[in-house]
Amino acid sequence: MNLGKIKKLINSIERNPKVLFLIDGIGALVTAFCLGIVLVHFENIFGIPPSILYVLAVIAIFYAVYDFYSYRQPKAQAAKYLRGIAVLNIMYCLSSLSLASYHSEQITIWAWAYLINEIIIIVLLSMLEFKIANNYKSISPH
């Protein structure tokens, strides 16, 4: 995807910021599936204790519920809910990084690769959520 297409996609999202809740919510469900089923099943490859994976999966499910609830709220409240999920996402990244660091002796390079990639994606999404929430007054008709 080139830079022009990315800018076009961001402009499209700015016109309909509520779509970010769907993107974030679907991503949270994918995360919950990966953590709660896939990584647990392959614990010997990743080394993350199942109890940690289940906790993170439940958090991801909670975030998906928040996202889908937020999507159904009036568009005028989108900025408030976008800031909320962006903060929650950053907290999730810090929590998963802290838990991984605590268990670093048993976590494999594959787990670190998964976690770092997940954190990069979530941080980029959170940055976009903050950006759109902060620009919302200039893009929403009142």
Original post:
What do you get for Rg/Rh over the chain if you use C-alpha atoms and the Kirkwood form of Rh?
Top reply: 1.03
Subject >> Summed side-chain charge close to residue 100 - residues other than residue 100 whose Cβ falls under 15 Å, Lys, Arg +1, Asp, Glu -1 >> reply: -3
Subject >> Tail weight of P(r) past 14 Å, computed on alpha-carbon pairs of the stretch 23-101, percent >> reply: 63 percent
Original post:
Okay, helix-only estimate at 222 nm for the chain: each DSSP H run of n ≥ 4 adds -39500 (n - 2.57), divide by all residues, round to 500 deg cm²/dmol; what do you get?
Top reply: -26500 deg cm²/dmol
Original post:
By Kyte-Doolittle mean hydropathy of at least 1.0 and Cα axial length of at least 30 Å, which whole DSSP H helices of the chain are selected?
Top reply: 50-71, 109-139
**OP:** Rank 30, 47, 86 by how far each Cα sits towards the positive end of the charge dipole of the stretch 19-137 (+1 on Lys, Arg Cβ; -1 on Asp, Glu Cβ) and give me just the farthest.
**Re:** 86
**OP:** Provide, for the chain, the number of lysine pairs with alpha carbons under 15 Å apart, each pair being eight or more places apart or on different chains.
**Re:** 8
Original post:
What is the local net charge at residue 29, summed over the other residues whose Cβ is closer than 15 Å to its Cβ (Lys, Arg +1; Asp, Glu -1)?
Top reply: -3
Subject >> Neighbourhood charge, 14 Å Cβ-Cβ cut-off, centred on residue 52 and excluding it, Lys, Arg +1 and Asp, Glu -1 >> reply: -3
Subject >> Unit charges on C-beta of K, R, D, E only; dipole of the stretch 1-140, Debye >> reply: 920 debye
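No value in this document is a laboratory result; all are computed from the given coordinates. Since the model is a prediction, treat every value here as computed from it, not as a measurement. Every residue, glycine among them, receives a Cβ derived from its backbone with ideal geometry; neighbour counts consider all protein chains shown.
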